[in-house]
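The values are calculated or read from the model by the stated rules, or taken from the named source; none is laboratory data. Just so it is clear, the model here is predicted, and its values are computed rather than measured. Cβ sites come from the backbone with ideal geometry, for glycine too, and all protein chains shown count toward neighbours. Calculation scope for accessible area: heavy atoms of the full protein, side chains included, ligands and nucleic acids excluded. Shrake-Rupley method; radii C 1.70, N 1.55, O 1.52, S 1.80 Å.
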Amino acid sequence: MSSKETSNTSVPREQWGSRFGFLLAAAGSAVGLGNIWRFPFVVGEGGGAAFVLLYLGFVLLIGLPLMIGEISIGRRGRANAMDSYKIIQPNSKWYINGFIGVIINFMILAFYSVVAGWAFYYFILALTGQLIASDKDFESSFSSFISDPIMPIVWQTILMTVVVLIVLRGVKKGIEKWNNILMPTLFVLLLILLFKSLTLENAREGILFFLKPNFSAINSGIILAALGQAFFSLSVATGMYVTYGSYKRNESSIARNGGGIVLLDVLVAIMAGLIIFPAVFHFGIDPGRGPDLAFITFPTIFRDMQFGIMFAGFFFFFVFVAALTSAISLLEVVVAFVKEKFKLSRKVAAPITGAVITLVGGFCALSFGPLSHIKVFDRTIFGLFDFIAAEVLLPFSGLILSIFIGWIWKPIGVKQEIEKEGNSFPLFKVWSFLIRFVVPIVILIILIDSIGII
Ligand code: PFF
């Protein structure tokens with residue numbers, strides 16, 4: 001079977017246009033609202049630097065090994081997140097984990113598109129100069145925007161329409177082309193902002209909160225949250241790497257790409273923290289205030305800055321771009337599944353899938369306003385979607401994934417896939433030990449601990 005063909009049909013499978021196509025698109029998926037919006041507020045809620053250290057440990061010891069295995073599953077299977085498992089291990093039930101991945105993407109995009117819609121709206125506000133009037137109270141204007149029964153849904157729908165239009169164009173002309181333009185833009189913007197924020201007065205307290213650990217604050221809830229954040233931020237155990245890996249060329253290195261994605265993702269998260277926490281302390285904002293942290297802190301920084309309007313425009317463009325490239329990947333996983341399962345064309349599968357997700361996502365959007373009274377396990381609908389996806393399904397799916405890779409397909413199978421076309425797999429033995437023992441045992445302990453059995 002040629003690498004350009006799907007395993008289960010005779011139609012040539014789409015492929016990235018260049019060796020870097022996968023790297024850029026996967027980094028585009030990993031770097032997103034998880035780094036700029038979610039990371040700072042979970043660090044804030046988790047008490048600061050000790051949480052950051054846990055998160056970094058999980059990224060290296062759990063996220064990276066899983067990511068390398070997941071990309072390999074996709075490239076070997078050359079099918080969607082579910083069918084790739086079937087091709088590697090026919091006549092078994094392991095593919096159910098791939099299906100769980102599709103559900104995770106569906107759920108994440110439902111609430112992610114809400115926040116991405118907010119970012120889009122703020123970008124337009126910044127562009128038209130309406131964001132930072134000097135007398136503006138950002139807290140009340142943001143909370144009246146997100147609690148409105150109509151506007152957040154309008155922006156969410158606009159955002160989803162853009163995402164659908166890009167995914168509809170396909171792997172090379174849609175996803176890859178836009179990541180090629182958007183990802184480098186994102187890094188330039190980030191560097192400008194970092195420079196700006198580190199020159200803020202009184203930055204020290206915020207930097208200490210972010211970088212100086214206080215381990216007494218750690219409890220099982222915080223450990224689970226740090227694990228969930230590591231998964232969410234890397235987009236690992238969601239089937240994204242399987243799907244994007246299935247379009248990956250054999251000559252492009254899986255191990256090197258994995259390292260590169262982790263580096264970029266961590267770098268952006270740390271930079272976001274270094275931008276946000278000095279300002280949080282400078283302006284006396286509560287770091288543990290939750291999901292609106294970034295949307296209140298950043299406009300406050302820009303208002304007090306020279307050329308603030310211009311930087312606000314840059315920044316929200318940056319957030320919007322980061323969200324867009326991740327939302328593209330979230331939709332692509334579900335679309336690839338729907339398209340191959342129901343034998344539909346991309347042009348039909350993308351709008352239908354996008355519409356269903358937007359509909360469900362509407363309930364998440366309304367949970368900041370008209371539906372805010374609905375609470376399940378003390379969480380709003382939005383909070384519940386986030387919690388179930390990031391802190392229940394992702395670790396669970398990661399656990400199954402590590403067992404599948406380490407004990408069923410076995411490290412040697414992954415090694416053969418990675419070493420195709422003369423590529424190398426440095427630290428294979430370390431990886432193999434991590435994926436077989438460390439990853440499953442650590443995830444299992446954290447999950448059991450968080451249920452309260454220990
Ligand atoms: N990693 C993305 C972020 O940090 O914003 C979110 C995400 C994208 C999670 C794709 C999962 C996924 F499959």
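Set side by side, the residues SER72, SER29 differ, and just one is buried (at least 24 other Cβ atoms within 10 Å of the Cβ), of a type in the set (Ser, Thr, Tyr), within 15 Å of the ligand (Cβ to nearest atom) and in contact (Cβ under 8 Å) with a residue 60 or more places away in the chain, which is SER29. Residues in segment 70-108 that are under 18 Å from the mean Cα position of the chain (by Cα) and either among the acidic types (Asp, Glu) or closer than 10 Å to GLY245 by Cα (or both): how many? Here the count works out to 3. Of the residues making up segment 430-454, just one is open to solvent by less than 50 Å² (accessible area, probe 1.4 Å) and among the aromatic types (Phe, Trp, Tyr), namely TRP431.
Scanning segment 370-402 for residues being open to solvent by 60 Å² or more (accessible area, probe 1.4 Å) and either assigned to a loop (DSSP other than H, G, I, E, B) or within 25 Å of SER246 (Cα to Cα) (or both) gives a total of 7. With the structure loaded, tell me whether ILE36 is β-branched (Val, Ile, Thr) and modelled with pLDDT of 90 or more or whether it fails that test. Criteria not met by ILE36. For the residues LEU427, LEU444, the requirement of being on the phi < 0 side of the Ramachandran plot and out of contact with any His (no Cβ under 9 Å at 6 or more places or on another chain) singles out LEU444.
Report whether or not VAL348 is surrounded by fewer than 24 Cβ atoms within 10 Å (Cβ to Cβ), under 18 Å from ILE153 (Cβ atoms) and not small (Gly, Ala, Ser).
When the stated conditions are applied, VAL348 does not pass them.
What are the pairs with Cβ atoms under 7 angstrom where one residue, in segment 32-59, is closer than 14 Å to LEU224 by Cβ and acidic (Asp, Glu) and the other, located anywhere, is open to solvent by 10 Å² or more (accessible area, probe 1.4 Å) and more than 16 Å from the ligand (Cβ to nearest atom)? Sequence gap at least six, or different chains. Within 7 Å, the pairs are GLU45/GLY288. Just to be sure I understand, how many residues within segment 270-298 are open to solvent by 10 Å² or more (accessible area, probe 1.4 Å) and either more than 18 Å from the chain's Cα centre (by Cα) or of a type in the set (Ser, Thr, Tyr) (or both)? Within segment 270-298, residues that are open to solvent by 10 Å² or more (accessible area, probe 1.4 Å) and either more than 18 Å from the chain's Cα centre (by Cα) or of a type in the set (Ser, Thr, Tyr) (or both) number 10.
Being closer than 12 Å to ALA255 by Cβ, open to solvent by 80 Å² or more (accessible area, probe 1.4 Å) and either touching an Asp or Glu at 6+ places or on another chain (Cβ under 7 Å) or among the aliphatic types (A, V, I, L, M) (or both) is the filter here; which residues of segment 419-429 pass it? Within segment 419-429, just LEU427 meets the criteria. Can you tell me which residue within segment 118-130, out of those that are buried (at least 24 other Cβ atoms within 10 Å of the Cβ) and away from the ligand (no atom under 12 Å from the Cβ), is nearest to SER84 (Cα to Cα)? Among those that are buried (at least 24 other Cβ atoms within 10 Å of the Cβ) and away from the ligand (no atom under 12 Å from the Cβ), it is TRP118. If you go through segment 76-123 and pick out every residue that is in a helix (DSSP H, G or I), of a type in the set (A, V, I, L, M) and under 15 Å from VAL333 (Cβ atoms), you end up with 8.
Would you please name the residue that is farthest from the ligand (Cβ to nearest atom), looking only at residues in segment 296-347 that are of a type in the set (Lys, Arg) and in a helix (DSSP H, G or I)? That would be ARG303.
Here is a yes/no grid of residues against (1) away from the ligand (no atom under 16 Å from the Cβ); (2) open to solvent by less than 10 Å² (accessible area, probe 1.4 Å):
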residue: ALA110; (1), (2): no, yes
residue: ALA116; (1), (2): no, yes
residue: MET160; (1), (2): no, yes
residue: LEU191; (1), (2): yes, no
residue: SER197; (1), (2): yes, yes
residue: GLU201; (1), (2): yes, no
residue: LEU208; (1), (2): yes, no
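Based on this model, can you work out whether ARG38 counts as away from the ligand (no atom under 14 Å from the Cβ), basic (Lys, Arg) and open to solvent by less than 10 Å² (accessible area, probe 1.4 Å)? No: the conditions fail for ARG38.
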